[in-house]
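Quick notes on the structure that follows.
The values are calculated or read from the model by the stated rules, or taken from the named source; none is laboratory data. Quick caveat, the model's predicted, so the values are computed rather than measured. Neighbour counts run over all protein chains shown; Cβ positions are idealised from the backbone, glycine included. The accessibility values were calculated without ligands, DNA or RNA, using every heavy atom of the protein model including side chains. Shrake-Rupley method; radii C 1.70, N 1.55, O 1.52, S 1.80 Å.
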Amino acid sequence: MKVKTLGQFIIEKQSDFPYAKGELSRLLRDIGIAAKIVNREVSKAGLVEILGETGETNVQGEKVKKLDVFANEQFIAAFKAGGEVCAIASEENDDIIPIDTEISKNAKYVVAMDPLDGSSNIDVNVSVGTIFSIYRRTSLSGPGTILDFMQRGTEQVAAGYIIYGSSCMLVYTTGKGVNGFTLDPSIGEFCLSHPNMRTPQNGNVYSINEGNYLHFPDGVKKYIKYCQEEDKATNRPFSSRYIGSGVADIHRNLITGGVYIYPTTTKSPKGKLRLLYECNPLAYILEQAGGKASNGAKRIMELDINELHQRTPLFIGSSQMVDKALEFMAKYKTEEV
Ligand code: P6P
């Protein structure tokens, strides 16, 4: 089979955007380069020097693992070197990172990212991932500002994730479908392995941390019981699959069909996942693959955003499964989401 690298694919698809003069293409290539470097370190994570914790905690109050810091630094360095980005928002940084270098003075884009999602799984060799979201800047010139990030998910220019698992995959969309690339370590290139990814309209996998069951909204409790009932006509009971690494769960469900839910809990009364650099990019990908993403009442990509690390409940995956869960949420609604 003829191999098509990420670089070849990006250039080929550039004609989809006649107005673009290659900046987005270069930015996507910069992401691919940083992903290869992070993957190399993640695959060595079993070695001592980068395992364990820095002892610091990030803005989420979570213990920061060295690989988190490494991944954050690699992507920031790649974006700065590429010159296409005027500001970065990262899960690892309280505030935005404005970029004001000579080569970025005409930068058109801002990037929001979770550099290493699921990092609590690093030490136990479970897949982790990077999630990124790209917007056109709204500010006119100079370094970007926080207002450049206060845009609804529908304004995204591109979004994607890298999953560092049994193989390293880059999955992204620029609004014309979803394509998946697998890293071939023998040539150090991401190669097109999953062209035009479509998620099944239905599935029989549900992903949720049932340890929080007692504190879930009634609609979620009822949906979980629905998933567990015997009913051959609808392939129930469904299978429960929850890795604890959102990118891994959502990537599996994208391919096999399924639904991932992180609802409100007492510990996370607004949900745990972040709207800007987790939910919106994942929502863009799932919608472009024929799936759906909601906060339990509203389309994720239409939610207003007014703070960088804003959290939201997330129901994402096969459209018919998300719809079913939303039916239960509407029927047993207790408060405005
Ligand atoms: P819990 C990882 O921290 C994450 O943001 C998602 O990737 C993952 O699905 C979820 O949180 C796990 O959270 O509370 O179930 O351990």
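Annotations
- Within segment 266-295, the set of residues being away from the ligand (no atom under 16 Å from the Cβ), part of a loop (DSSP other than H, G, I, E, B) and open to solvent by 10 Å² or more (accessible area, probe 1.4 Å) comprises 290, 291.
- Of all residues in segment 207-229, those satisfying the criterion of being surrounded by fewer than 17 Cβ atoms within 10 Å (Cβ to Cβ), over 12 Å from residue 329 (Cα atoms) and not polar (S, T, N, Q) are 210, 211, 213, 214, 215, 225, 229.
- Residue, farthest from residue 308 (Cα to Cα), within segment 90-130, restricted to residues that are β-branched (Val, Ile, Thr) and in a strand (DSSP E or B): 128
- Residue match in segment 230-237 (condition: open to solvent by 60 Å² or more (accessible area, probe 1.4 Å) and closer than 30 Å to residue 28 by Cα): no
- Segment 182-206: number of residues that are open to solvent by less than 50 Å² (accessible area, probe 1.4 Å) and either more than 30 Å from residue 28 (Cα to Cα) or modelled with pLDDT under 95 (or both): 4
- Filter result (at pLDDT below 95, open to solvent by 10 Å² or more (accessible area, probe 1.4 Å) and over 18 Å from residue 272 (Cβ atoms)) within segment 60-72: 66, 69, 70
- Inter-residue pairs, beta-carbon under 6 Å, first in contact (Cβ under 8 Å) with a residue 60 or more places away in the chain and in segment 285-302, second open to solvent by 10 Å² or more (accessible area, probe 1.4 Å) and outside any loop (DSSP other than H, G, I, E, B), 6+ apart: 291/319; 296/329; 301/154
- Residue pairs meeting the criteria (Cβ under 6 Å; at least 6 apart or on separate chains; first of a type in the set (S, T, N, Q), in segment 92-119; second open to solvent by 10 Å² or more (accessible area, probe 1.4 Å) and assigned to a strand (DSSP E or B)): 119/65
- Here residue 245 meets each of (1) within 13 Å of the ligand (Cβ to nearest atom); (2) touching a strand residue (DSSP E or B) at 6+ places or on another chain (Cβ under 6 Å); (3) open to solvent by 10 Å² or more (accessible area, probe 1.4 Å) with one exception, condition (3).
- The set of residues from segment 303-337 being open to solvent by less than 20 Å² (accessible area, probe 1.4 Å), outside any strand (DSSP E or B) and free of Cβ contacts under 8 Å to residues at least 60 places away in the same chain comprises 312, 313.
- Residue satisfying all of: in segment 243-265; assigned to a strand (DSSP E or B) and more than 13 Å from the chain's Cα centre (by Cα); nearest to residue 193 (Cα to Cα) among these: 259
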